[in-house]
1. Go through (1) open to solvent by 30 Å² or more (accessible area, probe 1.4 Å); (2) of a type outside the set (A, V, I, L, M, F, W, C); (3) within 18 Å of the chain's Cα centre (by Cα); (4) within 13 Å of Ala179 (Cα to Cα) one by one and return the number of the condition Ser257 breaks.
2. Which one of these does Ser333 not meet: (1) modelled with pLDDT of 95 or more; (2) under 28 Å from Ser119 (Cα atoms); (3) touching an Asp or Glu at 6+ places or on another chain (Cβ under 6 Å); (4) surrounded by fewer than 21 Cβ atoms within 10 Å (Cβ to Cβ)?
3. What is the one condition in (1) over 22 Å from the mean Cα position of the chain (by Cα); (2) surrounded by 22 or more Cβ atoms within 10 Å (Cβ to Cβ) that His321 does not satisfy?
4. Search region 49-93 for residues being modelled with pLDDT under 75 and touching a strand residue (DSSP E or B) at 6+ places or on another chain (Cβ under 9 Å), and hand back the single one that is surrounded by the fewest Cβ atoms within 10 Å (Cβ to Cβ).
5. Can you tell which of Thr246, Thr212 is assigned by the TED database to the domain that holds Leu278, out of contact with any strand residue (DSSP E or B) (no Cβ under 9 Å at 6 or more places or on another chain) and not acidic (Asp, Glu)?
6. Among the numbered conditions (1) out of contact with any Lys or Arg (no Cβ under 9 Å at 6 or more places or on another chain); (2) aliphatic (A, V, I, L, M); (3) open to solvent by less than 20 Å² (accessible area, probe 1.4 Å), tell me where Leu108 comes up short.
Amino acid sequence: MDGAALLKAEKKLPPYLAKVLVYDLLFGKGLKCGGRWKVLVLKHRARLQAELARLKVHRKVSCNEDLLAPAEGVIQAPQVPRYVRVNTLKTCKDDVVDYFKRQGYSYLGRAARMEELSSLSGKQFLLDPHLPELLVFPPQTDFHENRLYVAGHIILQDKASCLPAFLLSPPSGSHVIDACAAPGNKTSHVAAILKNKGQIFAFDLDPNRLATMSTMLVRAGASCCELANQDFLTVDPSDPKYSHVTYILLDPSCSGSGMVKRLPAEEGAPSSERLRALARFQRKALTHALRFPALQRLAYSTCSVQQEENEDVVWDVLQEHGTAFRLVNLLPSWPQRGLATFPGAECCLRACPAATLTNGFFVAVLERQQECNSQDSSSSLPAEADVDSGAERSQNGEGRGPHAARKKRRKKSQCVK
């Protein structure tokens, strides 16, 4: 695009839209959109195609696929498996496994170690060792044309992105807020955990993304969601409508620095100015979420690897709220923990391609602190065995997610001061 001077010539064309249109024109199945944007880009088709040809000559390749090979000055991201979440609102894990077997895939059972996920090849697939409805296929496996995906029976979602809803784990019938909801994968995951019983209030500022999300939720069969084109920061916690909201999923705008992609070496990390602006918004959003009076449990997540957006935000807000909320110790066997920047940061989870075979990600779960002698199960820290065996118990019909153990066992509150 730079060589063709597209953005200089068409100053009204948003850069993010330009990237999508140029990709569809040069590498996809052609421009699907109509109207002025299509006409505008087609005006530059000859120059864009000439720039693509020049790039292939410079890289000494003959076809577009060969452009994916590593080039000088480019960081090659590690290969991440293809993760497929079974949408339990429409089907079950066993039926999906049987379907893929009939399609010629070889099912290897549940992985015992994360290392097994990196050794998949051909048409092999596994059940993830942590999430009970997540299937794992070799990298580059494409299911976008698969009829299970088209019908909403499976969701193509990175494993790290599945963690917030899984760790929030609201019981069926709960009222939940998804504060920054689009594009809706996490919302549909929460709906599946709720079994469509209860209520999800989903907010997003972008009307176009919200419209896309609405279509996605219909395809997924998520019927318990109420979507609002509204800034979450303007939602009134004292509104009686939200008086029964006990769970909140907060995945605010972030730098996206954890997303697996090929980056020119000079691009590097986001600027300190942008990080400060994002962190200010993230602190506001987290502080606002904790003001909902009935809130018991909140999952905060980003697809960023920056400390400023993750541990620093969580610690600042925890200090502001004193002992009202505390961190929950998540999946103690998870290989990558929060950076040791404050006491208890190891309760948080981090993810990255090298350590967890996922996109870069961060998750922290906060629970409302009960009184020291309280036996209320919502204040119990899950024990390692309870959390790590949650996936296995779910397969056996004994509950799902990290809350399942609470039905059988109550522990005295443990606090991160």
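The values are calculated or read from the model by the stated rules, or taken from the named source; none is laboratory data. Owing to the predicted nature of the structure, the values given are computational and were not obtained by experimental measurement. Ideal geometry is used to build each Cβ from the backbone, glycine not excepted, and the neighbour counts take in all protein chains shown. The accessibility values were calculated without ligands, DNA or RNA, using every heavy atom of the protein model including side chains. Shrake-Rupley method; radii C 1.70, N 1.55, O 1.52, S 1.80 Å.
1. Among (1) open to solvent by 30 Å² or more (accessible area, probe 1.4 Å); (2) of a type outside the set (A, V, I, L, M, F, W, C); (3) within 18 Å of the chain's Cα centre (by Cα); (4) within 13 Å of Ala179 (Cα to Cα), the lone unmet condition for Ser257 is (4).
2. Going through the list (1) modelled with pLDDT of 95 or more; (2) under 28 Å from Ser119 (Cα atoms); (3) touching an Asp or Glu at 6+ places or on another chain (Cβ under 6 Å); (4) surrounded by fewer than 21 Cβ atoms within 10 Å (Cβ to Cβ), Ser333 breaks only (1).
3. Exception for His321: condition (2).
4. Gly73
5. Thr212
6. So Leu108 meets the others, but not (3).
This table checks each residue for (1) buried (at least 24 other Cβ atoms within 10 Å of the Cβ); (2) under 14 Å from Leu250 (Cβ atoms).
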residue	(1), (2)
Ser172	no, no
His175	no, no
Thr187	yes, yes
Leu194	yes, no
Phe201	no, yes
Thr212	no, no
